[in-house]
Number of protein chains: 2
Amino acid sequence: MLGILLLSPLQTRADEGMWLFNRPPIKQVEKKYGFRIEQAWLDHLQKSSVRFNTGGSGSFISKNGLLLTNHHVGAGIINSLSTAGKNLMEDGFLARDQSQELPCNDLELNVLMSIRDVTAEVEAVVTDKMSTEEAVAARRAIIAKLQEVPSDETATKRRDVVTLYQGGAYHLYEYRRYSDVRLVFAPERRLGAFGGDPDNFEFPRYCLDCCFFRAYENGKPAVVENYLKWNRNGARDGELVFVSGHPGTTNRELTQAQVERMRDNGLPYYLERSNRKEVLLSAWSEKDKENKRRALGALVGTQNGRKARTASLHGLLDPKFMETRGSAENEFRESLKSDKSTAEVDEAFATIEKEINKDDASRLRFALLGRDAFDSTLFGIARTLVQAADESLKPDAERLAGFNEARRKILELGLFSDDPVYKDFEILRLADSLAFLCNKLGSDDPTVKAVLGGLSPARRAEQLVNGTALEDIARRKALYEGGKAAVDASADPMILLARMVDGEIRRLRKMEEASDEVVKQAHAKIAKARFALAGESRYPDATFSLRLSVGRVTGIPSQKVPFHTTYDGLFARSADQDGKPPFDLPESWKEKRGAIGKDVAMNFISTNDITGGNSGSPIVDRNGELVGVIFDGNFDSLVNNVAYDEKTARAVSVDSAGIWEALDKVYGAENLLDELNAE
Amino acid sequence: MLGILLLSPLQTRADEGMWLFNRPPIKQVEKKYGFRIEQAWLDHLQKSSVRFNTGGSGSFISKNGLLLTNHHVGAGIINSLSTAGKNLMEDGFLARDQSQELPCNDLELNVLMSIRDVTAEVEAVVTDKMSTEEAVAARRAIIAKLQEVPSDETATKRRDVVTLYQGGAYHLYEYRRYSDVRLVFAPERRLGAFGGDPDNFEFPRYCLDCCFFRAYENGKPAVVENYLKWNRNGARDGELVFVSGHPGTTNRELTQAQVERMRDNGLPYYLERSNRKEVLLSAWSEKDKENKRRALGALVGTQNGRKARTASLHGLLDPKFMETRGSAENEFRESLKSDKSTAEVDEAFATIEKEINKDDASRLRFALLGRDAFDSTLFGIARTLVQAADESLKPDAERLAGFNEARRKILELGLFSDDPVYKDFEILRLADSLAFLCNKLGSDDPTVKAVLGGLSPARRAEQLVNGTALEDIARRKALYEGGKAAVDASADPMILLARMVDGEIRRLRKMEEASDEVVKQAHAKIAKARFALAGESRYPDATFSLRLSVGRVTGIPSQKVPFHTTYDGLFARSADQDGKPPFDLPESWKEKRGAIGKDVAMNFISTNDITGGNSGSPIVDRNGELVGVIFDGNFDSLVNNVAYDEKTARAVSVDSAGIWEALDKVYGAENLLDELNAE
């Protein structure tokens, strides 16, 4: 952990990097691995890769739109398809034929079809003479324009302008959309999340963290040109492998001042909030088994986030790490000394440092009022309705992100979701988040007083959740279609609350956007200087857009960690912990133990540079065949957020051979095996 | 919860109050219950009551020194008597005769023998002309002098000056000490803590939260004059009951400004720290069953504290509650308007408000450096050794509390405890608390930098814990006996760290003590005005000294909560939750289910006014016979810290009939039943 290698503008080792598909590391891979990445190979991998709008990755694995991702990527959907009586999380699910596949109405998938560099177009609209506010508006307008999709194509197309290099470049991504997606197979949660939080981000690991969906078009399985061939042998020790997925966010390009702020401010705040939530959800879950089912997704998400952030912070609290990182930044700035851009770059660094450290109080208010103070699905719906009513009156180019015509379908997907809303769970979370608001801003704050309306957080949460009619989807539709007049006339307590805080949130967002713009402009100058030194061949920070990561399958010799685990290891780990949760196995697995190949690979590790969002990414060999599905990183990979270290950071995958074995020996899923076998 | 009744100087209902044994509520009880508290009855109850220096209460229940307390009061000891191979927490323990009783070396018990009002003596040494620092020193000196015990009696006597009414009075308590205590009986943790955190502070409840110790003298069971007769019928619905125990701390006498500070500052800070610790300990516990055993006590304590603080905060965040409380304070101040003390009291309130809201940064530093930044048993030992070395050079009256000659035995008990210290568990807690220090003070703080010595919190914790020799008790003794010279010469990394931070902690403590003195003097003025209005018949805030609480056994009709639960309910609750932890039962209990009386009472509730520290308190009927042992309060009782509400607040006890049933039918503990039966 101490010797973390930093990204440097001048040298990047092949195994570090989340590469753009339009800037692939062809030379590096050829040099290190003697493998030539061909354009057709790359195109095929790109178009076989899928983004889940819930925040994960996946891939097509048959010509009939069959999709592979992680159990934990599908978990929210699997849970929402469950009820107290029919618990798909506990019992798993297998459709024996296509008629049994379960529609998941709120899911949207994107497949990247093309990329275009639009940096010049975006930069052209922002001039030096503009105020920051004008620059924000101009940038928003051009991005909205670029993202527009002809109205007759919105059902199948999506366009995203992706901001790269922290503002150094803008690329336009065009996606194929799929919005009819159905659940095909999910193992029991005990397999999908074997080892639970204790084994999360650890290796050795024993998880069947996979599930299958299918994309449909016009009511029939989607016929796709590009899909990955299933390699039944799985991953081999030492072999070259590629990950194609959607890493969410990294912060490697941040300035030292930004990282220090993250260390002293952002991460501690996140953990304070997240620890509180984890304690709340755990305690409530333990009270009753139905509570546990309802809170499961939120709890797992919170634990996952906590582990990742704790690890990042762990890295940043190492003075040697920070020193090394600071030195690299200084070296870059020194290397410009003879350059005429020195002054501009120095000013950019100074601007960023000044900008990010001002208005602490406002930033906290925005984090709270804009997000953390109202942990309630119903409040989120109310706020979206209030915002939509205002935004729909504006020209498209002036609307808040997410409210443009091009995003209408996605907005409505969330707004009219029939995901069950549990009032007790709503009250629990809302009461606690309102109490958090009181703690952070103080009970005498005028906004806090107005939000509580003379009640305690718990009583206010009860009043709001029991009083609102927004769990009724028809009611949501009426308010949405009725527009501003309907929303303004509504006496629904959630709507009233959302309207009450809307003004302050808008003011705070404006400040935050202006601040982001200043930082973005400064980063653009730094990026330009970096490009001048080393060209545009560097990979940018992750942005939940498609990236290619290169690595090899290998253990960690220094820690005696093997490159993969087997089914025998699964049963041994369970026995070691007396078969108690989260190390318990379903009866069916215990019964079929004799039939399961002891030495069949279950999970394996590789040096690929990944991060959150890569969950469900396919991992392929040099033939482009699927050898596994990424589901985790080890502890040392969690600092990937700020830096990558090939010595100890590992991506963790479910082995394709292990999935095959389970489908064959435990689940008897001949229909799926036949489909995977077909050419 | 909203209509909480506030303490008022003029009227106190009989069921509210944690009464001094030298100011018993004789009139109130006679009026409300028609029962006359006689002095002999009171003396017997007082001298049958026991304080555990680990923070709980208990009682003698046989003439041979047999003691009853809670399983959770004994848990730390039971766990320290366990090993990975012989787990008394899991399996329980029963000594079939006295030779099998297990010595617990670190335990000290106190029995209150007499009380003397020393207010005049303490107040006489502090004059108006003194500076705050001089007042602190003078008060410390007189208290040390009053607490002195002749050197030939220190083995059996202890004297405490108890500060009452937040500084309005000082009483000298003389205790009989017992330091040879042995474990006699403990049920399995699954019974002692059935329902775990989810059922904690809830009712209905099903806990056999009791265990038995025995006090020894000169190697033989202590012969005691006063002990409680065991009532085999248990508690009856509606009957008058008394609790005699040691409530730890309440804050009912605090000014409104102090309570607001608690709400906006103290409790949020506590919960931030405690949530963080709970997440850390839970996650580590879940990794491995031996981890779970090692962390159990700390985890349970953290969860318990979190629930209690969350409930208190829940009360304080209710604007109506705060308004009512504020009005009561104003009424009191109004009632003085014609009094000459008005100006003095007004000034006292103003002084307190000003004093508590200054020096936030220093208070945070003291909380961190003095307590929260070093969550390590070995560091605690190092700090005690460093302090003892310095304090022992001073005259007794000038030493820090805890380092006087009168406290030497207790100090040494802790310092030379052979409680196992687990290095992995030490590193875990120390690393996390050091990271917390970084988060709160920032990584660039000079003290933080010095503490870390250029390492990350995790690496520094490893260096300290692996480098110290303080787990060796002989080493501790050598440093303790070697005094300042030995400590100054030590190169032990924990000692070096403790010495490094000692100077700053002393400076911060001085500030805090001076601040406390200012507040205490102001409270003394307020208390004097209250005494003038209503006499000294009020009960003061809890101070972990012996108190009498009056109540009656009763359910909560408005919530349809019954007055007690039965063994049948225990088995039903377990079945409802599929017998999964923390609702699982030992095999032996399942086997003996048929023999256990279905309707035998297990737990019952009563209106007694209690709080943390009351755990293990005997609850007796009007004959002074034991009908149960207090182990919990319901959720609504947790706000007892600031106010008591008879309508919904309940104390929760294990029923004496239920304990008898378990000893008889499940454990076959004839030896104990015979002893309890004996006259």
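The values are calculated or read from the model by the stated rules, or taken from the named source; none is laboratory data. Since we're looking at a predicted model, the values are computed, not measured. Neighbour counts run over all protein chains shown; Cβ positions are idealised from the backbone, glycine included. Ligands, DNA and RNA are stripped out before the accessible areas are found, and what is left, the full protein with its side chains, is counted by its heavy atoms. Shrake-Rupley method; radii C 1.70, N 1.55, O 1.52, S 1.80 Å.
Given A:Glu329, A:Glu391, which one is within 30 Å of A:Leu470 (Cβ to Cβ) and either modelled with pLDDT under 90 or assigned by TED's automatic domain parsing to the domain that holds A:Leu411 (or both)?
Residue meeting the stated conditions: A:Glu391.
Against the condition in contact with a Leu (Cβ under 7 Å, 6 or more places away or on another chain) and more than 25 Å from B:Leu109 (Cα to Cα), how does B:Ala373 come out, does it pass?
So B:Ala373 passes the test.
Hey, could you check region B:254-309 for residues that are acidic (Asp, Glu) and part of a helix (DSSP H, G or I) and say which is surrounded by the fewest Cβ atoms within 10 Å (Cβ to Cβ)?
The residue in question is B:Glu290.
Suppose we filter region A:235-253 for residues that are open to solvent by less than 30 Å² (accessible area, probe 1.4 Å) and more than 21 Å from the chain's Cα centre (by Cα); how many remain?
Of the residues in region A:235-253, 4 are open to solvent by less than 30 Å² (accessible area, probe 1.4 Å) and more than 21 Å from the chain's Cα centre (by Cα).
With respect to B:Val629, is the statement that it is in a helix (DSSP H, G or I), under 19 Å from B:Asn304 (Cα atoms) and either open to solvent by 50 Å² or more (accessible area, probe 1.4 Å) or in contact with a Ser or Thr (Cβ under 7 Å, 6 or more places away or on another chain) (or both) true?
no
What number of residues in region B:107-164 are under 21 Å from B:Tyr216 (Cα atoms) and surrounded by 19 or more Cβ atoms within 10 Å (Cβ to Cβ)?
So the count comes out to 7.
Would you check if A:Gly92 is at pLDDT 95 or above, touching a helix residue (DSSP H, G or I) at 6+ places or on another chain (Cβ under 8 Å) and open to solvent by less than 40 Å² (accessible area, probe 1.4 Å)?
yes
Does B:Leu385 satisfy the condition of being within 30 Å of B:Ala435 (Cα to Cα) and either touching a Pro at 6+ places or on another chain (Cβ under 8 Å) or within 14 Å of chain A (Cβ to nearest Cβ) (or both)?
Considered against the rule, which asks whether it is within 30 Å of B:Ala435 (Cα to Cα) and either touching a Pro at 6+ places or on another chain (Cβ under 8 Å) or within 14 Å of chain A (Cβ to nearest Cβ) (or both), B:Leu385 comes out as no.
For region B:368-398, what are the residues that are open to solvent by 20 Å² or more (accessible area, probe 1.4 Å), touching a helix residue (DSSP H, G or I) at 6+ places or on another chain (Cβ under 9 Å) and not in a helix (DSSP H, G or I)?
B:Asp375, B:Ser392, B:Leu393, B:Pro395
Can you list residue pairs whose Cβ atoms sit under 8 Å apart, with the first residue in region B:196-210 being of a type in the set (Gly, Ala, Ser) and the second being open to solvent by 10 Å² or more (accessible area, probe 1.4 Å) and outside any loop (DSSP other than H, G, I, E, B)? Count only pairs 6 or more apart in sequence or on different chains.
These pairs meet every condition: B:Gly196/A:Glu286.
Among the residues of region B:443-483, which ones are more than 14 Å from every other protein chain (Cβ to nearest Cβ) and open to solvent by 70 Å² or more (accessible area, probe 1.4 Å)?
B:Asn466, B:Glu471, B:Asp472, B:Arg475, B:Lys477, B:Glu481
Only residues that are within 14 Å of another protein chain (Cβ to nearest Cβ) and either under 16 Å from B:Lys580 (Cβ atoms) or in contact with a His (Cβ under 8 Å, 6 or more places away or on another chain) (or both): list them for region A:575-585, please.
A:Gln577, A:Asp578, A:Gly579, A:Lys580, A:Pro581, A:Pro582, A:Phe583, A:Asp584
Can you tell me which residue in region A:193-220 is farthest from B:Trp284 (Cα to Cα), limited to those that are touching a Cys at 6+ places or on another chain (Cβ under 7 Å) and open to solvent by less than 10 Å² (accessible area, probe 1.4 Å)?
Restricting to residues being touching a Cys at 6+ places or on another chain (Cβ under 7 Å) and open to solvent by less than 10 Å² (accessible area, probe 1.4 Å), the top hit is A:Phe194.
Among the residues that make up region A:252-271, is at least one of them touching a strand residue (DSSP E or B) at 6+ places or on another chain (Cβ under 6 Å), away from chain B (no Cβ under 14 Å) and either touching a residue at least 60 places away in the same chain (Cβ under 8 Å) or closer than 27 Å to B:Gln303 by Cα (or both)?
No - not one qualifying residue is present in region A:252-271.
Kindly provide the set of residues from region A:557-574 that are open to solvent by less than 30 Å² (accessible area, probe 1.4 Å) and within 14 Å of another protein chain (Cβ to nearest Cβ), ordered by number.
A:Ser574
Could you please find all residues in region B:426-439 being farther than 22 Å from B:Asn291 by Cβ and facing another protein chain (nearest Cβ under 8 Å)?
B:Cys438, B:Asn439
For B:Leu107, which of the numbered conditions (1) touching a Ser or Thr at 6+ places or on another chain (Cβ under 9 Å); (2) modelled with pLDDT of 95 or more fails to hold?
Status for B:Leu107: all satisfied but (2).
Filter region B:399-440 down to the residues that are among the polar types (S, T, N, Q) and not in a helix (DSSP H, G or I) and list them by number.
Once the filter is applied, which keeps residues that are among the polar types (S, T, N, Q) and not in a helix (DSSP H, G or I), region B:399-440 yields B:Asn404, B:Ser417.
Scan (1) within 11 Å of another protein chain (Cβ to nearest Cβ); (2) outside any helix (DSSP H, G or I) for the single condition A:Arg236 breaks and write down its number.
(1)
Rundown of residues vs (1) surrounded by 17 or more Cβ atoms within 10 Å (Cβ to Cβ); (2) out of contact with any Phe, Trp or Tyr (no Cβ under 7 Å at 6 or more places or on another chain), yes/no style:
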| site | (1), (2) |
| --- | --- |
| A:Gln39 | no, yes |
| A:Leu42 | yes, no |
| A:Ser48 | yes, no |
| A:Gly58 | yes, no |
| A:Lys63 | no, no |
| A:Leu67 | yes, no |
| A:Thr83 | no, yes |
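Quick check on region A:311-324: of everything there that is touching a residue at least 40 places away in the same chain (Cβ under 8 Å) and open to solvent by 60 Å² or more (accessible area, probe 1.4 Å), which residue is farthest from the other protein chains (Cβ to nearest Cβ)?
This residue is A:Thr324.
Go over the candidates B:Met511, B:Met494 one by one and state the one that is surrounded by fewer than 20 Cβ atoms within 10 Å (Cβ to Cβ), more than 30 Å from B:Pro24 (Cβ to Cβ) and among the aliphatic types (A, V, I, L, M).
B:Met511
Tally the residues that are β-branched (Val, Ile, Thr) and assigned to a loop (DSSP other than H, G, I, E, B), restricting the search to region B:126-170.
Final tally of qualifying residues: 5.
Limited to region A:35-65, what total is found for residues that are out of contact with any strand residue (DSSP E or B) (no Cβ under 8 Å at 6 or more places or on another chain) and modelled with pLDDT of 95 or more?
Residues meeting the conditions: 10.
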